[in-house]
1. Determine which residues of the range 81-110 fall in the zone a paramagnetic label at Gln138 would reach in this model, i.e. backbone nitrogen under 16 Å from the point 7 Å along Cα→Cβ.
2. Probe of 1.4 angstrom, ligands and nucleic acids ignored: what's the accessible area per residue over the range 2-69, in square angstrom?
3. Roughly to the nearest percent, how much of the accessible area of the range 97-160 is carbon and sulfur, given a 1.4 Å probe?
4. With a point put 7 Å past each Cα toward its Cβ, work out how far Arg118 is from Lys81 in nm, to one decimal.
5. Of the listed peptides 18-27, 118-127, 132-141, what is their order by residue-averaged count of other C-beta atoms within 10 Å, with the highest listed first?
6. Add +1 for every Lys or Arg and -1 for every Asp or Glu among the other residues with Cβ under 12 Å from the Cβ of Ala190, and state the total.
Amino acid sequence: RDGDAQKAVEYISYSLQVQESRLTFFSTARRVNPQVIKNSQQFVVATLERLGTAHQRAGNAAEAIKSFERGIHTIKESGLKSPTESNLYQGLGQLYLNQKRYPRALENLQKALELAERAGQVPPIQRASSDIGNVFLQTQRPAEAIPYFKKPIDTIESTRSLLVSEELRSSFFEDKGQIYGGIILAHLAANNVEEAFNYNERARSRAFLDILGSRVQLARGGLLNEE
């Protein structure tokens, strides 16, 4: 969180060593509850996902790919049902997208989206769908990109409307601008100028409402009609 990704890599790597040592001990010990082994495997997978993310932020793409792939291999080998699995495929997809290895990126992102939708995980659905849109946008297929950007935007707007606090609304929306940027570019590339303009206005109006709501106390009661 402080931005020192390399230091995070060191601590998470040590954590992984500890988790793997525990797993080896439980796997070879007698009379161990199988659930204890499953729990240890889940910890290892979760730690590998964190390690891959830390490597990714530190700019170590090759090491990040290794960590995510090890996590996926552990899940398959152990027959786990892990809530982290979608994030592992998502991480791989993002890395391949950054490297412009589009077929590999699309394969992993589609798997991430499938797993997230099956588990009903909203933030992972948004991330995977948006990144798939970016794959299609960067490979000159804007018409195919549009529905993948539209899906997370619909979710974002429906979720945001349920948030009562303006502070929550503002923080919720602040990292979603790139998704609106994606669908605007996709519509422009597909020559849907009016739709691009509409999404641009939607994004700006939401940002404006967040500023207005957090800085201006609108009148209530008798002054409301006058306003």
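1. 90-110
2. Numbers: 4300 Å² over 68 residues.
That works out to 63 Å² for each residue.
3. Numbers: 1600 of 3080 Å².
Carbon with sulfur: 52 percent of the solvent-accessible area.
4. Placing both labels 7 Å beyond Cα along the Cβ direction yields 1.0 nm.
5. On the way: 18-27: 14.3, 118-127: 16.3, 132-141: 19.2.
Ranked by mean Cβ neighbours within 10 Å, highest first: 132-141, 118-127, 18-27.
6. Working: positive: Arg141; negative: Glu144, Glu194, Glu195.
Counting the neighbours of Ala190, the net charge comes to -2.
The values are calculated or read from the model by the stated rules, or taken from the named source; none is laboratory data. Predicted, not measured: the structure shown is a model, and the values here were computed from it. Cβ sites come from the backbone with ideal geometry, for glycine too, and all protein chains shown count toward neighbours. Accessible surface is based on the protein model in full, side chains and every heavy atom, while ligands, DNA and RNA are left aside. Shrake-Rupley method; radii C 1.70, N 1.55, O 1.52, S 1.80 Å.
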